[in-house]
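Student: There's a structure below that I have some questions on.
The values are calculated or read from the model by the stated rules, or taken from the named source; none is laboratory data. Since the structure is predicted, the reported quantities are computational estimates derived from the model, not experimental observations. Positions of Cβ are generated from backbone atoms using ideal geometry, with glycine treated the same way; all protein chains shown enter the neighbour counts. Ligands, DNA and RNA are excluded from the accessible area calculation, which covers all protein heavy atoms including side chains. Shrake-Rupley method; radii C 1.70, N 1.55, O 1.52, S 1.80 Å.
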Amino acid sequence: MKNYLKTGIILFAICAVCASLCAFVNSVTAPRIAANQAAANLEAAKAVSGGMTPGESVNVSLPEYPAIRAVAPLTKDNGDIGGYLLELGGSGYGGSLTVITAYYTDGSLIGAKLTNNSETAGLGKKAENDWYMDMFKGKGADVAIPTSKNDLAESEAAAISGATITFNGISSVIRQGSDYVKAQGAK
Amino acid sequence: MNTKELTKGIFKENPIFIIMLGMCPTLAVSTQVWNAIGMGAGVIFVLLGSNIFISLLKNIIPDSIRIPSYIVIIASFVTILEMVMHAFMVDLYNALGIYLSLIVVNCIILGRAEAFANKNSVLDSALDAIGMGVGFTLGLTLIAAIREIFGAGTITLINLGDINVVFEVPGLSESPIRVLALSAGALLVMGYLKAFFTWYTAKNEKKAKEAK
Amino acid sequence: MSYIGILVTYIFVNNFILVKFMGICPFIGVSKNSESAIGMGVAVTFVTAVASVACWAVYYGLLAPFGLEYLRTISFILVIAALVQLVEMVIRKMSPSLYKALGIYLPLITTNCAVLGIAIINIDNGYNLLQSFVAGIAAGLGFTMAIVLMANLREKLEMTPVRKAFVGVPITFISAGIMALAFMAFDSSLITNLGLA
């Protein structure tokens, strides 16, 4: 009995030491992680918003638009709402990915940026480049957001070859965001 | 100082090519040289931490709770690594993704704890950890270099957001052999490399025999 | 994502061995004959399914409410280690014949990346309890399929002349690579096209 108790205490002590060690490191790193995240989001938001000012972001979870994580209105210089900034979550080849997008009220895309992702370097990772999102820019209102290789020009289709899963992941969430913004405009 | 403990992991007992441990991160993150270096550094950190810790505690931990204690210690070091990397090297953290957490179940680390650190002195355990970790890193980097050069036509030595060192291989970067960057390529490269090592070892043994 | 979508995803599209490389150690080690491959597959499927549920419960029941998410890795690996032990004891009591068949594989499962992998993936993807369970089963089935196919291949390979340096592990890796090439036919557009997303 005494032996069991001793063994238990040793195991408990090891767990306690390890957990407090982790807690200490967490208290040091957590603020920095949050700050990094916020800075990255802000930078991406600035890059995609086309000169409009993003308002306060609200976290949402909508059953019809599962990809949309957060919505912020974009205001023009005169104070009118000119569009929406959306944080979209989807999945690519390497796991989950986050896309920051901005749309005009008619649902056409102003700009988009892939932020968090685990795509393969040299293939899916290409989507982080600015030229990648040019495939979608301006589309969404009259022309639908391309979601398959057949919707793309030949040169664009060549650029995404080898990374179709990434393309599918990104294009489907961008289309969802566009549909959402269009529905907002109709209300 | 026993240099044998340091050098054995690099070639003679190389964890990847000779004892075949820690396969899943090896194949999954070897798409870029920088990822391989990052993963290797992570494994060295965890291996060094756990080996030293376990070697220090080898007389305190009763045999019956050996494995759970080792697992807790290893998992703590992995958690610390994850948090530090998330805070200071976000790009690398994202690129390694889930495979960073999976260092916990990397057989190399538990294997070294079980086979070496709980029997040897702290210094020897630390040397063993560095040797094995460097051996792992070199093997991983070799696979990554082959896959990146042929699969993407580039060599990414450093990729820290602000500081980038990327070489482009002329000719290959325009039309790389993409399959090598995909999962199938990892398995093929690993198979051929292992065959090469088998052939090489056999050749050396034969030579040694003839010399006798 | 629908339940069938999750099943298809983890059996074919994101096959744990051929695409994610999780559980590659037993895949190479235990695929010498199809009987042991099936044994390993069943044992892994059982553990991934139970571990998915247990880890989900621990994360949302114990860690998340107290803001202890950073202890995820530690607690999951402990849950899995305890679970494997428990499963071993239960099987030994309940069905000695099953224990005889699976017993030697069970201790190996703790350090199988597939088990910890699916537990973490469930949390990262925000699956609910039932979805996690389905994903766990699917991951195990995908593992079983790959390892059984591989075992059959290796049984055939034994009768085929292979260059000396390639015998054993190297040719297994190369065969797995060719299998992975075939599995590239399943990509996530399959899920979209079948309307399972």
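Student: If a residue must be open to solvent by 10 Å² or more (accessible area, probe 1.4 Å), β-branched (Val, Ile, Thr) and under 26 Å from residue A:11 (Cβ atoms), how many such residues does the stretch C:32-87 contain?
Tutor: Total satisfying the criteria: 6.
Student: Name the residue that is nearest to residue B:9 (Cα to Cα), counting only residues in the stretch B:143-181 that are open to solvent by 70 Å² or more (accessible area, probe 1.4 Å) and in a helix (DSSP H, G or I).
Tutor: Ranking the qualifying residues of the stretch B:143-181, first place goes to B:150.
Student: If you don't mind, another one. Might you check whether a residue that is open to solvent by 30 Å² or more (accessible area, probe 1.4 Å) and touching a Leu at 6+ places or on another chain (Cβ under 6 Å) occurs anywhere in the stretch B:56-77?
Tutor: No, the stretch B:56-77 has no match at all.
Student: Further question: Anything in the stretch C:5-42 that is more than 13 Å from chain B (Cβ to nearest Cβ), touching a Leu at 6+ places or on another chain (Cβ under 7 Å) and at pLDDT below 85? List them, or say none.
Tutor: Passing the criteria: C:5, C:39.
Student: Within the stretch B:35-49, work out how many residues are open to solvent by 10 Å² or more (accessible area, probe 1.4 Å), closer than 14 Å to residue B:112 by Cβ and out of contact with any Gly (no Cβ under 6 Å at 6 or more places or on another chain).
Tutor: Residues that pass the stated criteria total 3.
Student: Also, quick follow-up: Scan A:59, A:78, A:26 and give me the residue that is away from chain B (no Cβ under 14 Å) and within 25 Å of residue C:72 (Cα to Cα).
Tutor: None of the other options fit; the residue is A:59.
Student: Kindly indicate the residue of the stretch A:1-16 that is facing chain B (nearest Cβ under 9 Å) and open to solvent by 80 Å² or more (accessible area, probe 1.4 Å) and also farthest from residue B:54 (Cα to Cα) among those meeting that condition.
Tutor: Per the criteria, the residue is A:3.
Student: So which of B:186, B:95 ends up being touching a Leu at 6+ places or on another chain (Cβ under 8 Å), within 14 Å of chain A (Cβ to nearest Cβ), among the small types (Gly, Ala, Ser) and assigned to a helix (DSSP H, G or I)?
Tutor: One residue alone meets the criteria, B:186.
Student: In addition: Pairs under 9 Å by beta carbon, first residue outside any helix (DSSP H, G or I) in the stretch C:119-132, partner β-branched (Val, Ile, Thr), six or more apart or different chains?
Tutor: Listed pairs, sorted by first residue: C:127/C:6; C:127/C:121; C:127/C:134.
Student: Take residues that are modelled with pLDDT under 75 and of a type in the set (A, V, I, L, M, F, W, C) and tell me which of the helices (runs of 4 or more DSSP H) falling wholly in the stretch A:91-187 contain 1 or more.
Tutor: A:154-160, A:164-186
Student: Here's a follow-up. Look through the stretch B:48-96, keep the residues that are among the small types (Gly, Ala, Ser) and over 22 Å from residue B:121 (Cβ atoms), and return whichever of them is farthest from the chain's Cα centre (by Cα).
Tutor: Going through the qualifying residues, I end up with B:64.
Student: Let me ask something additional. Given the options A:83, A:79, name the one that is of a type outside the set (Val, Ile, Thr) and surrounded by fewer than 20 Cβ atoms within 10 Å (Cβ to Cβ).
Tutor: A:79
Student: Being of a type in the set (Val, Ile, Thr), open to solvent by 30 Å² or more (accessible area, probe 1.4 Å) and under 22 Å from residue C:72 (Cβ atoms) narrows it down to one of B:90, B:104, so name that one.
Tutor: The unique qualifying residue is B:90.
Student: On the given criteria, is residue B:27 crowded, with 18+ Cβ neighbours inside 10 Å and more than 10 Å from every other protein chain (Cβ to nearest Cβ)?
Tutor: no
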